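The values are calculated or read from the model by the stated rules, or taken from the named source; none is laboratory data. Since the model is a prediction, treat every value here as computed from it, not as a measurement. Because the Cβ atoms are built from the backbone with ideal geometry, glycine has one as well, and the counts that use them run over all protein chains shown.
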Amino acid sequence: MQRRSLRSRKALLPLALLSAATLMLGACGQSADPGTASSAPAGSSSSGGSADGPVAVTLITKDSLNPFWIAMQNGAKQAASANDVNLTIAAGKADGDEDGQVKAIEAAVARGDKGILIALNGPGVNPAVENARNAGLYVIALDTPPEPADTVDITFATDNFKAGEAIGKWAAAQLDGKKATIALLDAFNDKVISVDYNRDQGFLTGMGIDTKDPKKNGDEDKTGKYTGGKGGDYEIVCNEPTGGNQDKGKTAMENCLSTGKAINVVYTLNEPGAAGAADALDDAGKKGAIITSVDGGCAGVENVKNGTIGATAQQYPLKMAQLGVEAIAKIARGGEKPAVTPGLDFFDTGVALVTDKKVDGLDSITSDEGLKLCWGNK
């Protein structure tokens, strides 16, 4: 019961998300209410700035509720303070809110900002991004590469396929040849975003399950053989949307459990969804399922340490935002534009598998090591 209380509270609540070793709070911006933009700091110019003055930048996250996005906002604040940037922070009302992000982009253009950092909520935002670029703003996507990739100037993100692949390989090894009865808890079932399908398809690839369209969830064979680990039979029970949050993660897992199948492997898009899935399994009295996820927030890594989540792939939102603010400030002052990572169509900000059940041949760090690098309340 104590474990569940820790999981539920820490995964759900947006707390102060700063790692003392890597982050200090800047006074150059403030988090906005979901779906709105904060004003530029008092005394700052409303124009985009110049080579000898502050540079105006807007950060637009998917929402202001998920600890991942709050960490990203705080990372941008630090970089803004260090680089003489007037930072405006905006967000959708919820993950998937495209209209809120479009309004924030339009406001940035109207202010004459030099650039925008955005974690895109979906393809409906793309036309507004293109309009901003046509108006002369430099636009960097964070975490979520758009479709197509050249909708923005560049993306700073986790290699989400690699993140999913790592937890898939780990899960296959844990099965030791037993049948895998799998629940896939994705982001959406009514829109297509690259983070969603890359993590899902990466997980299945890591398990050694053939996928079909690499940009589509749910079209793989529902039964067959997996080749990861020792290999064995598999059955995919469900693809359910979580919206990336704990409550919907619980509902999604409840829907999967309603099939009556003995689910023993759970893939989740992110750690709030994983916390919800674990709550549903607890409520149903189901023990022993292998839960995997992606994020690497402090609450999620704590859940690896206490055994709620078996393994997670840790990403680094503070780094994404910091690099993005630095890049726009540099460009506005006549510096060079950033380049993508060789072989990719984005700049890879890194990922690490976090688990206390090491698998031979698979690079990983322990939960204690992950807690030194995590973002969120400790």
* Asked: Does any residue in region 194-222 that is over 26 Å from Val359 (Cα atoms) come within less than 9 Å, Cβ to Cβ, of a residue that is aromatic (Phe, Trp, Tyr) and part of a helix (DSSP H, G or I) six or more places away or on a different chain, and which pairs are these?
  -> Asp213/Tyr197; Pro214/Phe161; Pro214/Tyr197; Lys215/Tyr197; Lys216/Tyr197; Asn217/Tyr197
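Please enumerate the residues belonging to region 147-156 that are part of a loop (DSSP other than H, G, I, E, B), at pLDDT 95 or above and surrounded by fewer than 24 Cβ atoms within 10 Å (Cβ to Cβ). Don't jump to the end; show me each part of the working.
Filtering region 147-156 down to residues part of a loop (DSSP other than H, G, I, E, B) leaves 147-148, 152-153.
Filter once more, so that each one left must be at pLDDT 95 or above: 152-153.
Selection gives Asp153 alone.
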* To do: For region 322-356, name all the residues that are among the charged types (D, E, K, R) and either modelled with pLDDT of 95 or more or over 30 Å from Ala171 (Cα atoms) (or both).
  => Glu326, Lys330, Arg333, Glu336, Lys337, Asp348, Asp356
* Could you tell me whether Ala274 is under 21 Å from Val304 (Cβ atoms) and not aromatic (Phe, Trp, Tyr)? => yes
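Each row is one residue, and each column tells you yes or no for (1) among the aliphatic types (A, V, I, L, M); (2) under 30 Å from Asn121 (Cα atoms); (3) modelled with pLDDT under 95.
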{"residue": "Cys238", "(1), (2), (3)": "no, yes, no"}
{"residue": "Thr251", "(1), (2), (3)": "no, yes, no"}
{"residue": "Leu257", "(1), (2), (3)": "yes, yes, no"}
{"residue": "Asn264", "(1), (2), (3)": "no, no, no"}
{"residue": "Ala275", "(1), (2), (3)": "yes, yes, no"}
{"residue": "Cys298", "(1), (2), (3)": "no, yes, no"}
* Asked: Hey, does region 124-146 have a residue that's assigned to a helix (DSSP H, G or I), within 19 Å of the chain's Cα centre (by Cα), touching a residue at least 12 places away in the same chain (Cβ under 8 Å) and over 23 Å from Ser64 (Cβ atoms)?
  -> no
* Asked: Tell me, which residue of region 157-193 that is more than 13 Å from the chain's Cα centre (by Cα) and among the aromatic types (Phe, Trp, Tyr) is surrounded by the most Cβ atoms within 10 Å (Cβ to Cβ)?
  -> Trp170
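How about region 53-69: which of its residues are aliphatic (A, V, I, L, M) and without any contact (Cβ under 8 Å) to a residue 60 or more places away in the chain? Walk me through how you get there before you give the answer.
Of the residues in region 53-69, the ones aliphatic (A, V, I, L, M) are 55-57, 59-60, 65.
Those that are aliphatic (A, V, I, L, M) and without any contact (Cβ under 8 Å) to a residue 60 or more places away in the chain: Ala56, Ile60.
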* Taking region 249-268 as the search range and keeping residues that are within 13 Å of Ile290 (Cβ to Cβ) and of a type in the set (Val, Ile, Thr), which one is surrounded by the most Cβ atoms within 10 Å (Cβ to Cβ)? -> Thr268
